[in-house]
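Laboratory data are not the source of any read-out in this text; all were calculated from the coordinates shown. Bear in mind the structure is a predicted one, so any value in this text is a computation, not a measurement. Heads up, the Cβs are rebuilt from the backbone with ideal geometry, glycines too, and the neighbour counts pull from every protein chain shown.
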Amino acid sequence: MQDCTAGNLEETIKTVSCYPRLVSDAAAYVMGHNDRERRRLILQASVLNPFTQQLFYRAGISSGMNVLDLGCGVGDVSILAARLVGPYGSVTSVDFDNAALETLKARAAAEGIQNIKCVQANVEDWKPAAKVDAVVGRHILIHTKDPLAVLRNCGHMLYPRGLAVFHEYDFSVVHRGWPSTPLRDRVMEVFDRFFAHATRSNIGVPALEPVD
């Protein structure tokens with residue numbers, strides 16, 4: 001990873017802007033594929049999981065459902081979904097990083113979770129053998145070249161009235177602190193501009209358009 005401090009923001013953005021934005025290419029995932037990144041994902045999940053769980057609960061993911069987790073990484077979202085659907089439901093976890101999938105398998109086994117199936121595949125090409133009740137993901141659309149196409153593909157994977165539930169970034173709605181917090185505001189500017197070049201900083205409606 002590049003040093004993203006405010007002092008060398010322009011150099012960082014210039015370097016990252018040459019990266020391809022395509023999650024199906026393992027080399028294009030700007031956060032990398034190594035043990036350090038997998039540990040970062042687990043740490044990040046300790047903060048995000050309560051929000052993701054509430055999102056899934058409000059969306060209607062519940063006992064007995066069959067769920068597909070796209071870009072599952074080390075499996076925090078898969079494990080969360082597996083607990084919600086219970087022993088009569090299932091979770092299929094798809095990612096191209098085999099080491100991350102092995103981490104997920106080990107974590108699920110340690111917690112006695114037996115309703116997760118791991119698949120190593122390109123999430124933009126792979127299709128399930130049968131339709132599912134829900135397709136979920138966290139911070140996956142921001143790394144795709146065409147997030148709208150991914151969402152459309154979800155429609156083909158789902159039963160009628162099925163759920164597509166994604167937890168994504170949208171830095172366009174980050175509010176400034178009060179009293180004034182110049183350092184925080186500058187850091188958020190760095191994040192926004194970095195993600196805008198490396199992936200997507202806003203996965204709202206304007207971002208649901210393909211990029212060249």
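Residue by residue, what Karplus-based ³J(HN,Hα) values in Hz, rounded to whole numbers, does the stretch 163-176 have, using 6.51, -1.76 and 1.60 with θ = phi - 60° and x for Gly and Pro?
Once rounded to whole Hz, the list reads 10, 10, 10, 10, 9, 10, 6, 8, 6, 5, 10, 6, 8, 6.
Taking R0 as 22 Å, what FRET efficiency do you get between Leu55 and His175 from their Cβ-Cβ distance, rounded to the nearest 0.05? If you can, show how the numbers build up before the last one.
Details: r = 20 Å, r/R0 = 0.90.
For R0 = 22 Å, the calculated efficiency reads 0.65.
Using +1 at the C-beta of Lys and Arg and -1 at the C-beta of Asp and Glu, which of Gly155, Ala129, Cys72 has the Cα lying farthest in the positive direction of the dipole of the stretch 58-178?
Value computed over the given set: Gly155.
Counting other Cβ atoms within 10 Å of each Cβ, which trypsin sites (Lys or Arg not before Pro) in the stretch 132-192 have at most 11 and sit in a DSSP loop?
Answer in residue order: Arg176.
Using modelled amide H (1.01 Å from N, peptide plane; none on Pro or chain starts), what sits under 5 Å from the amide H of His167, excluding residues fewer than 5 places away?
Gly137, Arg138, His139
Only sites in a loop by DSSP and with at most 14 other Cβ atoms within 10 Å count here; which GluC sites (Glu not before Pro) in the stretch 74-178 make the cut?
Numbers: sites: Glu102, Glu111, Glu124, Glu168; in loops: Glu111, Glu124, Glu168.
Of the GluC sites (Glu not before Pro), the ones in loops of the stretch 74-178 whose Cβ has at most 14 other Cβ atoms within 10 Å are Glu111.
Using the Karplus curve 6.51 cos²θ - 1.76 cosθ + 1.60 with θ = phi - 60°, work out ³J(HN,Hα) for each residue of the stretch 59-66 in order, rounded to whole Hz, and write x for Gly and Pro.
Ordered by residue, 3J(HN,Hα) equals 6, x, 6, 8, 3, x, 7, 9 Hz.
Given a Förster radius of 35 Å and the C-beta distance between Arg36 and Asp192 as r, what FRET efficiency does 1/(1 + (r/R0)^6) yield to the nearest 0.05?
Numbers: r = 24 Å, r/R0 = 0.68.
E between Arg36 and Asp192, to the nearest 0.05, is 0.90.
Which whole-Hz couplings ³J(HN,Hα) result when phi for each residue of the stretch 150-158 is put into the Karplus expression 6.51 cos²θ - 1.76 cosθ + 1.60, θ = phi - 60°, listed in order with x for Gly and Pro?
4, 5, 5, 4, 4, x, 6, 8, 9
Going by amide H atoms built from the backbone, whose H comes under 5 Å of the H on Leu68, apart from near neighbours?
Thr92, Ala134, Val135, Val136
Between Ser46 and Lys127, what length comes free when the chain is fully extended (0.36 nm per residue of separation minus the Cα-Cα distance, one decimal in nm)? If you can, show how the numbers build up before the last one.
Working: separation 81, 0.36 × 81 = 29.16 nm, distance 2.98 nm.
Here the answer is 26.2 nm.
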